[in-house]
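The values are calculated or read from the model by the stated rules, or taken from the named source; none is laboratory data. Remember, predicted model here, so these are calculated numbers, not experimental data. The protein model used for the area step is the full one, side chains on, heavy atoms only, and it has no ligands, DNA or RNA in it. Shrake-Rupley method; radii C 1.70, N 1.55, O 1.52, S 1.80 Å.
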Amino acid sequence: MPDDAAPAPPTPYAGLTPDRVLDALDAVGLRGDGRLLQLNSYENRVFQVFLEDGRVVVAKFYRPGRWTDAQILEEHAFAAELEAGEVPIAAPWPLEAAATSVHAEQVRLLGPTLASVELDGETHRYAVTGRVPGRAPEVEDPDTLEWIGRYVGRIHAIGGTRRFEHRLTLDVETFGDEPRAWLLASRLVPPDALPAWRDLTEQALERVRARWAEAGDVRSLRLHGDCHLGNVLWASSGPHFVDLDDALTGPATQDLWMLLSGDRAARTMQLDAVLSGYRSFMPFDRRQLVLVEPLRTLRILHHSAWIARRWADPAFPIAFPWFASPSYWADQSTRLREQLEAMDEPPLEVW
């Protein structure tokens, strides 16, 4: 979490009822017809809302304390750049208080695309985009992966034109050392599992640093940051990218490795298809391929700390009931052993 972000309450969305969601949208001139559907999201609260004028929008209420206003607005500006560059992504809409709404006095505009509403003493920041219908992509088809790769290349070509000033940077310290130190200080790792987990995380981070150094001085770009297939919707026009909530600065490989799955042969074929499209818009430094497994290792550590930091949110024990069990941490140690072996293997090779 950014150092200058406000502390989050343990139950951050307790007062965010459907009526209040509709009131917040009404306050910015988006009057719902009463139909509302909560979409799947652990980090934020996301709702599909049907408007009286026939449009369908998606309203995202940001988790309090995670991002500063400046970080959110920088995410929105990046989305607008991508949309202007013909990347299929839903950029947040401009918002303004509606003088005719009885709820307008409850809303404060924090930027052109970000508003906040006061509900029972709690402040909720939110943004609105158009709905993006679609289905999961058929990744067994190399043409599908090549198509996705073309747009990731376009995202990176635009991302490389300037820098983030406020978003996080993906590095070993922020996504490895800090989560590990936080988990050790929290004493959430059961005593029986602690020695193995502590030693394995130390070894894993040493190996990550070695592989990062092996990659050399690779270029950092503005990235989607969480470019897995769950954040790619497929429509008749092709792929559509959603959820820039984790946009950050980092190596291009971060937006590529989560598109791969299966054994080494399968991942090699998938990567070849993705890069075939990617290179249509952006050159790719093959030295970065050594970062695939280190980045996976950092994600494992960061994910454990992400759950732990939100454990007081009632939604998290329901969604991750196994997290508090000793078996979870034993499984994490097993995964880390596997990652140590994977980081010792040669990187994937493509033409």
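Laid out as a table, the results:
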| item | result |
| --- | --- |
| Under 5 Å, built H, 5+ apart or other chain: amide partners of Gly65 | Ala6 |
| Amide proton proximity set for Gly225, modelled H, under 5 Å, gap of 5+ | Leu248 |
| Estimated [θ] at 222 nm from DSSP helical runs (n ≥ 4, -39500 (n - 2.57)) normalised by residues in the chain, nearest 500 | -12000 deg cm²/dmol |
| Axial C-alpha extent at least 15 Å, average Kyte-Doolittle at least -1.0 - helices from the chain (DSSP) | 69-84, 142-159, 194-215, 264-278, 292-309 |
| Region 207-251 - accessible surface per residue (Å², probe 1.4 Å) | 36 |
| Accessible carbon and sulfur surface of the chain relative to its total accessible area, %, 1.4 Å | 52 |
